[in-house]
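*Asks:* The structure follows.
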Amino acid sequence: MKILHALAQRPGKTGSGVFLQQLFKAGYEKNYEQAVLAGVPFSDQDPGIDNFDLKNFYPVLFETKQLDFPVVGMSDVMPYPSTKYSSLDEKMYEAYEKAFKKVIKKAVDEFKPDVVICNHIWLLCGFIKDLYPNLKVLALCHGTDLRQLERSALLTPIVKKTVVNCDYLFALNKAQEKEILELHNVKKEQVITSGSGYNPKMFFPAKEKRNNTKVKIAYIGKICDYKGVPNLLNALDKTKNYENIQLNLIGHGNVKESKTIINSLTSRKTEVNYLGAIAQDELAKFLRTCDIFILPSFFEGLPLVVIEALASGAKVICTDLPGLDDFLGEDLKQLKAIRYIKMPRLKNIDSPFEEDIEEFESDITKNIDIVYDEIIENCEYKIDEVIKTLEDKTWHGLFNRLKKYF
């Protein structure tokens, strides 16, 4: 069995890139022969597969004569220089399609895969089926691909016409499965809920009890408005114990509002550290030192970092993102491992109504105070039971779920 992993952007740099990376590693450990096809800048052709024997890498090169623009990102905010799909004109799209189809032909003709695991229900999976209709293609939804249907008017008709030819479309959760069926003219049996995964060899609890001088909180993600970072900062300043809390912001700060957010940190009541983006292995070590992880985001697919934080022993506070509670289940709530904040009403896909912000921030504050008291009072936290509930949510578990459809 030969597997071709495909991604139209840079591997290892975003959630979908981590999916590719980790599914490749799971396949490697199961002795599958594998290849990777991905979009990368000419100046940095790193395939994103560290410490594994990748003999077959098929890069689509951006910032070249043929593709004279940065890698196109599925999110409008990417952690590296990128082009928006909504910015592609007809000439740029034609060059994009030509470049990808040229590399797809090379990859399939040389490597001869039995199955393609393609990240995103978007253009790339359609290109592959256009060229090789009999090649089995499994397309993984990450949420951002559904979001682009609203933002990329030129491309949406092309996507809707071609993705129906994919053999299976995989959703992160039941809510996303329903959305795929509503947005795409596909059969119900084509859409499968597969969930997400984490690496238990990397993300696990500390053996010894944490001895932080302050309650240590982590936020991991883009430093931007739609992730709710300004709301988190405001909420923290209203906590009754702000002097005994330390917030650590981890992630890329390269969008227009990032500078404003980062510059505001020095005027906060709470101690806030901006650590920038850090590598996965360092992130895992850091999470083991944290008491709480908070994700106040207004839009996500199925955030991997929530699972990673839980596995690392941190208690989680996050918005009630569609499908997340369904995927994680009731046990984690009963164990007081995770608490959900009511999502404010959204006027578009990731912008809340101003009149709902005060209640949203108050809800964050209230939950921080509750979890703070549990930590300070040394309330029993059954971390072994938490880890047990996560057993089927590893990358190997996800790979095995996908394998049924190879």
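*Asks:* Classify the stretch 271-370 from the C-alpha gyration tensor, please: rounded if a/c falls under 1.5, else prolate or oblate depending on whether a/b exceeds b/c.
*Replies:* Prolate, since a/c reaches 1.5 and a/b exceeds b/c.
*Asks:* Find, among the trypsin sites (Lys or Arg not before Pro) in the stretch 252-288, those assigned to loop by DSSP (not H, G, I, E, B) with at most 12 other beta-carbon atoms within 10 angstrom.
*Replies:* Listed in order of number, the matching sites are Lys256.
*Asks:* Moving on. Counting pairwise Cα distances across the stretch 133-198, what percent come out greater than 17 angstrom?
*Replies:* I get 38 percent for the Cα pairs in the stretch 133-198 exceeding 17 Å.
*Asks:* With a ≥ b ≥ c the root eigenvalues of the C-alpha gyration tensor of the stretch 346-406, is it rounded (a/c under 1.5), prolate (a/b larger than b/c) or oblate?
*Replies:* It comes out oblate by the Cα gyration axes.
*Asks:* Rounded to whole Å and sorted largest first, what semi-axes of the equivalent ellipsoid does the C-alpha gyration tensor of the chain yield via the square root of 5 times each eigenvalue?
*Replies:* 36, 23, 20
*Asks:* When only DSSP loop residues count, what GluC sites (Glu not before Pro) in the stretch 163-246 have their Cβ near at most 12 other Cβ atoms within 10 Å?
*Replies:* Those that pass, being in a loop and sparsely packed, are Glu208.
*Asks:* Next up: Determine, for each peptide in 24-32, 36-44, the mean count of other beta carbons within 10 angstrom over its residues, then list the peptides with the highest first.
*Replies:* Put in order of decreasing packing, that is 36-44, 24-32.
*Asks:* Calculate how many DSSP beta bridges within the stretch 215-389 are antiparallel, expressed in % of all such bridges and rounded to the nearest 5.
*Replies:* 5 percent
*Asks:* Now, a different point. Binning every alpha carbon pair distance of the stretch 215-389 at 5 Å from zero, what are the percents per bin?
*Replies:* Taking every Cα pair in the stretch 215-389, the percentages come to 1, 8, 18, 22, 23, 17, 7, 3, 0.
*Asks:* I'd like to know which of Gly15, Ile357, Ile370 lies farthest towards the positive end of the charge dipole of the chain, counting +1 on Cβ of Lys and Arg and -1 on Cβ of Asp and Glu.
*Replies:* Gly15
*Asks:* So what is the 222 nm mean residue ellipticity for the chain from helices alone, if each DSSP H run of at least 4 adds -39500 (n - 2.57) and you divide by all residues, rounding to the nearest 500 deg cm²/dmol?
*Replies:* After summing the helix terms and dividing by the residues of the chain, the value is -10500 deg cm²/dmol.
*Asks:* While we're looking at this one, here's another question. How would the stretch 315-386 be classified by its alpha-carbon gyration tensor: rounded, prolate or oblate, with rounded meaning a/c under 1.5 and the a/b versus b/c comparison settling the rest?
*Replies:* Cα axes put the stretch 315-386 in the oblate bin.
A short reminder: the numbers here are calculations on the coordinates, not readings from a lab. For clarity, every value in this text was computed on a predicted model and none was experimentally measured. Glycine gets a Cβ as well: all are built from the backbone with ideal geometry, and neighbour counts include every protein chain shown.
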